[in-house]
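Here the structure is laid out as structure tokens; the discussion comes afterwards.
The values are calculated or read from the model by the stated rules, or taken from the named source; none is laboratory data. Remember, predicted model here, so these are calculated numbers, not experimental data. Backbone-built Cβ (ideal geometry, glycine too); neighbour counts: all protein chains shown. For the accessible areas, the whole protein counts, side chains as well, though only heavy atoms, and no ligand, DNA or RNA atoms are used. Shrake-Rupley method; radii C 1.70, N 1.55, O 1.52, S 1.80 Å.
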Amino acid sequence: MTGVDWHPAKETLTLVAQRYQTALAAYLQSGEAELLAEAYETARFALEAEVPLPDFGLMHFAGLRDSLLPAGSSGACLERAEDFFLEGVAVYDMALRGYVSGMAALRKEIAERRRVEEELRDITFELARQRDELDREVRKRTNEIRLRAQELESKNRQLVQANQDQSNFTYALSHDLKTPINTLYCFLGVLLEDFQADLKPEAQELITDLIGTAQRMRQLVDDVLDYSNVVGHQFTPERVDLQQMVQQILKDMDALAASAQAEIHVGALPAVMGSPFQIRVLLTNLLSNALTYGSEGPRAEVRIVCVPAETAGKVRLSVSDSGPGIPEDMQDRIFELFKRLHRYEQCPGSGIGLALCKRVAEAHGTVLQVVSQAGKGAAFSVDLDLEENQDE
């Protein structure tokens, strides 16, 4: 009737029963109060052995039967009493076991909850520590970035000012040099023209050389002035019609093109956005170089074309020639100031033109590229913003 399966080992149950029944029989015979202590101790022993309450009750009834019923009696009434006792005590037994198992589950749950809480405390502490460390690192990096930004801003202002000062100084110096050089050039020309008959051939040759030197100095001063203008030139992008600009530049170079017996091919050129002044400087120098160095034979072949650039909204402007080309180890050097591949006697020039072109490209947010192979000419190209790109 109990509906449970909770029993200790049979040997343990027998041992507890014998001890209890012996103690009960002794007490029933003597009635001495001190023997009741054995009931208490036996019950504690049974509890430690996990003897269920119904079994403990049966031990009591078994002791009563042995002590109270004479041999040969039926004992039916005592058996009914046992059944009645078991039926009632089963309720307490099941409740007691539920309490025990419930307490065990509760203790387990409490232990698990404590473990989780401890882990949460540990995790919360670690997160707080990491957050504080991250905050310190962020503040440190933010402060470093702010200081670095201030340093870069200061250096940028200094650089802008230095570039402006350099441009102003170069312009003033070149402008001041131009007047005496022009005067010297004119005086030497007058001296040769007015006194040629009175001069010895050696003197005439010397004056002619001096006139050539003065002419080169004039060209150098003009080129330096152009360079200083480009360096210091701030601009807002404007529409530049490349087709029209190239035609104007070629018209200005009729004499150079005729002397080079150049065959010039101009493709379809779009309108771009940029500085008209700087793009004119770029095209003028690239075309001048192509006509000057663009042929190993009697005729120079020059091409000016535009193709789509790799970047959307840009066009690649290219000026190529059929000249001797540029050695690979010299392709970086040609963009430096006053660096030349030929002696002045071979090809006149100051060595500033390509440096100017490089600065123009940089001012337009791009780079000037050169592709060249020995004996196959050279092609200079730069990417520029298409006019349509500015309307988006």
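Name the long-range amide H neighbours of VAL302: under 5 Å, sequence gap of 5 or more, or other chain; modelled H, no Pro or chain starts.
Amide H neighbours of VAL302, under 5 Å, 5+ apart: GLU263, ILE264, HIS265.
So how much slack lies between ALA268 and THR14, counting 0.36 nm per residue of separation and subtracting their Cα-Cα distance, in nm?
Between ALA268 and THR14, full extension yields an extra 79.9 nm.
Once the piece of chain linking LEU47 and ASP241 is laid out straight, how much longer is it, given 0.36 nm per residue of separation minus the C-alpha distance between them?
Working: separation 194, 0.36 × 194 = 69.84 nm, distance 10.81 nm.
Contour length minus the Cα-Cα distance gives 59.0 nm.
I'd like to compare 279-285, 254-260, 111-117: which one has the highest average count of other Cβ atoms within 10 Å, and what's the full order after that? Could you put the intermediate results ahead of the total?
On the way: 279-285: 21.7, 254-260: 13.6, 111-117: 10.0.
Sorting 279-285, 254-260, 111-117 by mean packing, highest first, produces 279-285, 254-260, 111-117.
Run the numbers for ARG139 and HIS60: contour at 0.36 nm per residue of separation, minus the present Cα-Cα distance, in nm. Show your work: numbers first, answer last.
Working: separation 79, 0.36 × 79 = 28.44 nm, distance 8.00 nm.
Extra length from ARG139 to HIS60 when fully extended: 20.4 nm.
FRET efficiency for GLU151 and SER288, Cβ-Cβ distance as r, R0 = 45 Å, nearest 0.05? Intermediate values should be presented prior to the final figure.
Values: r = 42 Å, r/R0 = 0.93.
The formula returns an efficiency of 0.60 here.
What FRET efficiency comes out for the pair ASP132/LYS108, r = Cβ-Cβ distance, R0 = 56 Å, nearest 0.05? Mind showing how you got there, number by number?
Values: r = 36 Å, r/R0 = 0.64.
My answer for the efficiency is 0.95.
Using only protein heavy atoms and a 1.4 Å probe, report how much of LYS358 is accessible, in Å² to the nearest 10.
80 Å²
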